[in-house]
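To start, the structure itself, in structure tokens.
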Amino acid sequence: MLGLGRQFIVELWDCEHRADDVEEVRQWLRRAVDRAGATLLDIQVHRFNPHGISAVAVLAESHISVHTWPERGYVALDVFTCGEEVCPEGAVEELCRFFRPGRTSVIEIKRGIRL
């Protein structure tokens, strides 16, 4: 298999920081992109009523998505990057620093094509 990218599926439980602020999530997404060494194209953030946020950072190298359930202390992350110039682990670490989870699950998937 020719590797085209790596994807991290991350679940965060018992988060100390129950982010429900659009601008704060946007700011931390920018930090995560910078920490990964990726190229930011756009960020879209939507706040749900009464709570919860979905956010996507579109990257030249793919994407980072964040979905929060602040009332449950749960966050779902998806960090997918292509190329060898970026470090998706850096984005995961930065977002974990923000949410401060009590428990974390990380699954790495190598993406690619069969030869």
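Do you know which residues across region 95-115 are out of contact with any Asp or Glu (no Cβ under 8 Å at 6 or more places or on another chain) and either under 24 Å from Phe48 (Cα atoms) or among the hydroxyl-bearing types (Ser, Thr, Tyr) (or both)?
Leu95, Cys96, Arg97, Phe98
Pull up region 61-103, narrow it to residues that are part of a helix (DSSP H, G or I) and small (Gly, Ala, Ser), then point me to the one that is farthest from Asp20 (Cα to Cα).
Gly90
Scan region 104-115 for residues that are surrounded by 12 or more Cβ atoms within 10 Å (Cβ to Cβ) and closer than 21 Å to Ala19 by Cβ and report the count.
Number of matching residues: 2.
Go through (1) closer than 13 Å to Leu95 by Cα; (2) of a type in the set (D, E, K, R); (3) buried (at least 17 other Cβ atoms within 10 Å of the Cβ) one by one and return the number of the condition Arg6 breaks.
So Arg6 meets the others, but not (1).
For Glu94, only one of the following conditions fails: (1) of a type outside the set (Phe, Trp, Tyr); (2) crowded, with 16+ Cβ neighbours inside 10 Å; (3) without any contact (Cβ under 8 Å) to a residue 40 or more places away in the chain. What is its number?
Result: Glu94 fails condition (3) only.
Can you tell which of Arg30, Arg35 is at pLDDT 95 or above, surrounded by fewer than 16 Cβ atoms within 10 Å (Cβ to Cβ), basic (Lys, Arg) and out of contact with any His (no Cβ under 7 Å at 6 or more places or on another chain)?
On the way: Arg35 fails: surrounded by fewer than 16 Cβ atoms within 10 Å (Cβ to Cβ).
When all the criteria are applied, what remains is Arg30.
Please enumerate the residues belonging to region 41-53 that are within 17 Å of His17 (Cβ to Cβ) and either crowded, with 17+ Cβ neighbours inside 10 Å or polar (S, T, N, Q) (or both).
Val45, Gly52, Ile53
Would you check which residues across region 34-65 are without any contact (Cβ under 8 Å) to a residue 24 or more places away in the chain, among the polar types (S, T, N, Q) and under 13 Å from Ala91 (Cβ atoms) and list them?
Thr39, Ser65 - these are the residues of region 34-65 that are without any contact (Cβ under 8 Å) to a residue 24 or more places away in the chain, among the polar types (S, T, N, Q) and under 13 Å from Ala91 (Cβ atoms).
Within region 25-60, can you find the residues that are over 11 Å from the mean Cα position of the chain (by Cα), among the aliphatic types (A, V, I, L, M) and either within 17 Å of Val75 (Cβ to Cβ) or not in a strand (DSSP E or B) (or both)?
The answer is Ala38, Ile43, Val45, Ile53, Ala60.
Take region 1-24 and flag every residue that is among the β-branched types (Val, Ile, Thr) and either assigned to a strand (DSSP E or B) or touching a Phe, Trp or Tyr at 6+ places or on another chain (Cβ under 7 Å) (or both).
Ile9, Val10 - these are the residues of region 1-24 that are among the β-branched types (Val, Ile, Thr) and either assigned to a strand (DSSP E or B) or touching a Phe, Trp or Tyr at 6+ places or on another chain (Cβ under 7 Å) (or both).
Can you confirm whether Arg72 is buried (at least 17 other Cβ atoms within 10 Å of the Cβ) and either basic (Lys, Arg) or in contact with an Asp or Glu (Cβ under 6 Å, 6 or more places away or on another chain) (or both)?
For Arg72, the condition - buried (at least 17 other Cβ atoms within 10 Å of the Cβ) and either basic (Lys, Arg) or in contact with an Asp or Glu (Cβ under 6 Å, 6 or more places away or on another chain) (or both) - is not met.
The values are calculated or read from the model by the stated rules, or taken from the named source; none is laboratory data. Worth saying up front: this structure is predicted, and the values here are computed from it rather than measured. Don't worry about glycine lacking a Cβ; one is built from the backbone with ideal geometry, like all the others, and counts go over all protein chains shown.
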